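The values are calculated or read from the model by the stated rules, or taken from the named source; none is laboratory data. The shown structure was predicted, so the numbers you read here are calculated from the model rather than taken from an experiment. Cβ coordinates were reconstructed from backbone atoms using ideal geometry, including for glycine residues, and neighbour counts include every protein chain displayed.
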Amino acid sequence: MAAAWTSRRSSAVSVLRELLKAVARGLLGRYEINRIYGCDLAKPPGVPSSDYPMRRVVVDEVGGAEHGAIRNRASYGGPGAVGFGLWEHGKLTCLCWFWDSTRYRDWKTWRIGEREAIMVDLLTVDGDRRRGLASALIAYAAAEMKRAGYERLYAWVWHSNLPSIRTFERAGWRWLALVIEVRPLGVGPLIRVARRRRGGRAA
């Protein structure tokens, strides 16, 4: 009986959550609520231990990866992009891409300067998530980006994406700001509000 009650309660909560999302979409139009995370490379976080090889990637090897989801990320490469990968049993399993200021132009989300870069994609293939692979790769990438001359890194995460939030925090990144973008009723100009946390900087 208790199990059935718990199941019904969980279902009701899920329905209510979806209803509230639908109402929000109707009132706010298309909206974005993202956390901005940052990593100051003057003191990059330590690299979590990993038994798997990690290194910089090139577009061709991403496009030829065994996993289809990884192959689809090859389009993030090219001029102004730097990518890193983690291999397990010879297969590219986890991948991230950074864009520098010559390529990244989405200033409404966050502004970056010279010697800064923003992570625009992070992917661990299905079946290999929740094992700490992404956190290890992020921390490794930060150390390598410092060696390449970068001074600060950023990334954005959907405000309620707890797995991604934990991934960046395990990698030693700091939550800098909350950025909210709405277009009420789907018409008129985009309204953007950035609430910076202590230690953050202007977007």
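The set of residues from region 129-151 being under 14 Å from D51 (Cα atoms) and either assigned to a loop (DSSP other than H, G, I, E, B) or modelled with pLDDT of 95 or more (or both) comprises R131, G132. Within region 168-189, residues that are at positive phi have Cβ atoms under 9 Å from residues that are at pLDDT 75 or above and in a helix (DSSP H, G or I) in these pairs: G172/S135; G172/I138; G172/A139; G172/A142, counting only partners at least 6 apart in sequence or on another chain. Which members of region 59-79 meet the condition of being more than 19 Å from L133 (Cβ to Cβ), surrounded by 14 or more Cβ atoms within 10 Å (Cβ to Cβ), under 20 Å from the mean Cα position of the chain (by Cα) and not aliphatic (A, V, I, L, M)? Of everything in region 59-79, just one residue is more than 19 Å from L133 (Cβ to Cβ), surrounded by 14 or more Cβ atoms within 10 Å (Cβ to Cβ), under 20 Å from the mean Cα position of the chain (by Cα) and not aliphatic (A, V, I, L, M), namely G77. Apart from one condition, Y154 fits all of (1) assigned to a strand (DSSP E or B); (2) at pLDDT below 95; the exception is (2). Return a yes/no flag: does region 142-160 have any residue that is small (G, A, S), touching a Leu at 6+ places or on another chain (Cβ under 7 Å) and touching a residue at least 12 places away in the same chain (Cβ under 8 Å). Checked region 142-160: at least one residue is small (G, A, S), touching a Leu at 6+ places or on another chain (Cβ under 7 Å) and touching a residue at least 12 places away in the same chain (Cβ under 8 Å).
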